Amino acid sequence: MLLRCRIPLAEFELDIDVSFDARVTSIFGPSGSGKTTLLDAIAGLRRVSEGEIEIDGKVLFSSPRGIDLSPQERSVGYVPQEGALFPHLSVKKNILFGGKRNNDSGTTQAFTMEHVVDVLEIRSLLDRPVTMLSGGESQRVALARAILSHPQLLLLDEPLAALDVGLKEKILPYLARVRDEFCVPIIYVTHNMSEVLTLADWVFMIRRGRLIAQGIPRDVLGSPLALSKMEEDTIENVFTVAVVDSDREGGRSKVRTESDLELFIPYVEEPAHRLFQIRLSADDILVGTQRPEGISAGNVLPGKISKIESLDGQAVLTMDAGDVFYVRLTPSAVTKLSLQEGTPVFLIIKARSFRVL
Amino acid sequence: MFILSVETWQITLFSLAVGLASTLVILPLGILAAWFFARKEWPLKSVVETFVLLPLVMPPVSTGLILLKIFGRRSPVGRWLYDRGIEIVFNWKGVLVAMAVMSFPLLVRAARASFSEVNPRLEQVAATLGASPVRIFFVITIPLALRGIVAGALLAFSRALGEFGATILLAGNIPGKTQTLSLAIFNFVQLGKDREAYILLGITVVLAFVSVWSSEWLLRSQKRA
């Protein structure tokens, strides 16, 4: 698949140029980064000012060649965020709506309604009006409708975003089944990391219309540097902790993380054993190669560098110091201290650098 | 009192028939115009919209005078029609044209609001499912906007029945030929035939009530749905 397009938006320009070949490709990014716009462009629902879109050798759009297929000709199944079922038609009429598409559009797979209905377990819903469906049921019906139009590509726009957590876990397996059962490539838009990790073989990370990173989800989402670009250029360390000891006079509390690491933070009135979260910016950690003496910082933690990533004038270090810490330094600091993966170091953190959530 | 005279029947049925015909004539045009106003953008769109809505607020007599000038035999349009054997002025066709022009804005307004409430996402999804624009229009858009369209048509029909000013200028007030309920009431009052006038008054009240009530009911149930 080839996707190269430029679309001017109100606040920025969507400018993507990628080619990929995966069963499930995820487009991952915060809201407002242009993800839905991209799907609309692939489906032919939005004007693309310049670019080329090609699926399986079929050119859907090409500005240099003057090709711009209508949505009807593209054979792309689209499940928009809100599902967009036709409210005046029954479930059955909804899912058969696209079935009338002529099947000679190069599509090799042909699924019967019976098959799709069974895989998505919506048989009992067929005669219901769609206004009587729950959120999870609506999503399954919308999926069935898209699949039964015999698409060459399936576009899913945050299919789980509107569902609450319990329901998400119930729908995820259906998405996995669609992936495994129908052999239609899927482009899956989401801002949820665990959905990417569960479903996708390949991920594109986009922010404000630009590609930030791409690759196998485990690699891309495991990279604090890539994630920092998503989150407005901040890298946060977040720990879930419980108070071990509190000293009101001294103004600090001792807490223990889930990895049994003990830290000093500003005084909190939390009862023992109650779990809460604390945050620490990756920019607020000092790194020393020797144990410092005579300093005020409440936390001096021995540790080891497990990973160093450098890009755009910054270096993000992943540290193992009884728990995982992300530290951001300048590349010159890394050079000056000759830091490498495996180097033993000390992390110096002021108690007041921690913020209680 | 409820046994109506032949003349009353004639007037009532004539009004209903021409009112219905006028509504049927403007229906496809109104739906199309409303859809364009709700879904398309073009330069000077608001000017076009204002022109279509103008009869709603202009004095009906002024509209009638304009229509008379357009369709009169001395105008190019009137002459062109006359040469093809169609005469609008001072016969039932004049009544129909007056009713149609005066009630058109009501239909367009209701239908336009209704079309705007149809989620364009549904039409887009239908397109990705392979439905042609025509199929989308008839299977998705129209059914979803139907209540508003019908309500608008009912309003337009009521307005048509009540038409007076434009009709009297374009079609005249010719008993048995162009006389509608409204024109007849005016006529009877002028002639001092109060009883006849009151009977017709009663009929107009009943017709208007049924029409507006069902139109309101439809619009309310659309909001709920």
(request) Determine whether region A:44-63 contains at least one residue that is under 20 Å from B:A126 (Cβ atoms), touching a Pro at 6+ places or on another chain (Cβ under 9 Å), within 13 Å of another protein chain (Cβ to nearest Cβ) and in a loop (DSSP other than H, G, I, E, B). (result) yes
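In the set A:R123, A:R128, A:R74, A:R140, which member is buried (at least 20 other Cβ atoms within 10 Å of the Cβ) and away from every other protein chain (no Cβ under 14 Å)?
Matching residue, one of A:R123, A:R128, A:R74, A:R140: A:R140.
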(request) Please go through region B:109-148 and pick out each residue that is of a type in the set (S, T, Y), within 12 Å of chain A (Cβ to nearest Cβ) and crowded, with 22+ Cβ neighbours inside 10 Å. (result) B:T128, B:T141
(request) Could you run through region A:328-344 and say how many residues are under 32 Å from the mean Cα position of the chain (by Cα) and either surrounded by 15 or more Cβ atoms within 10 Å (Cβ to Cβ) or of a type outside the set (V, I, T) (or both)? (result) 11
(request) Evaluate region A:279-301: report whether one residue or more is under 19 Å from A:E341 (Cα atoms), touching an Asp or Glu at 6+ places or on another chain (Cβ under 7 Å) and at pLDDT 90 or above. (result) no
(message) If I ask for residues that are out of contact with any Ser or Thr (no Cβ under 9 Å at 6 or more places or on another chain), exposed (fewer than 15 other Cβ atoms within 10 Å of the Cβ) and without any contact (Cβ under 8 Å) to a residue 60 or more places away in the chain, which ones from region A:33-60 would you list?
(response) A:R47, A:G57, A:V59
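Which helices (runs of 4 or more DSSP H) sit wholly inside region A:113-199 and have at least 2 residues that are touching a residue at least 40 places away in the same chain (Cβ under 8 Å) and over 14 Å from A:G83 (Cα atoms)?
Where helices (runs of 4 or more DSSP H) fall fully within region A:113-199 and carry at least 2 residues being touching a residue at least 40 places away in the same chain (Cβ under 8 Å) and over 14 Å from A:G83 (Cα atoms), they are A:113-120, A:165-182, A:193-199.
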(message) Being farther than 17 Å from A:I305 by Cα and surrounded by 13 or more Cβ atoms within 10 Å (Cβ to Cβ) is the filter here; which residues of region A:274-290 pass it?
(response) A:F276, A:I278, A:R279, A:L280, A:S281
(request) Can you work out which of the residues in region A:265-299 that are out of contact with any helix residue (DSSP H, G or I) (no Cβ under 6 Å at 6 or more places or on another chain) and among the small types (G, A, S) is farthest from A:V327 (Cα to Cα)? (result) A:A272
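Here is a yes/no grid of residues against (1) assigned to a helix (DSSP H, G or I); (2) surrounded by 15 or more Cβ atoms within 10 Å (Cβ to Cβ); (3) aliphatic (A, V, I, L, M):
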| residue | (1), (2), (3) |
| --- | --- |
| B:L16 | yes, yes, yes |
| B:A21 | yes, yes, yes |
| B:G30 | yes, yes, no |
| B:A34 | yes, yes, yes |
| B:I70 | yes, yes, yes |
| B:F90 | no, yes, no |
(request) Within region B:73-127, work out how many residues are of a type in the set (S, T, Y) and over 30 Å from A:S149 (Cβ atoms). (result) 3
(request) Filter region A:84-104 for residues that are within 9 Å of chain B (Cβ to nearest Cβ) and either modelled with pLDDT of 90 or more or part of a loop (DSSP other than H, G, I, E, B) (or both) and give the result. (result) A:A84, A:L85, A:F86, A:P87, A:H88, A:L89, A:F97, A:R101, A:N102
(message) Against the conditions (1) under 29 Å from A:D17 (Cα atoms); (2) more than 13 Å from the chain's Cα centre (by Cα), where does A:V243 fall short? Just the number, please.
(response) (1)
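The values are calculated or read from the model by the stated rules, or taken from the named source; none is laboratory data. Because the structure is a prediction, the values reported are computed rather than measured. Every residue, glycine as well, gets a Cβ built from its backbone with ideal geometry; the counts of neighbours run over all protein chains shown.
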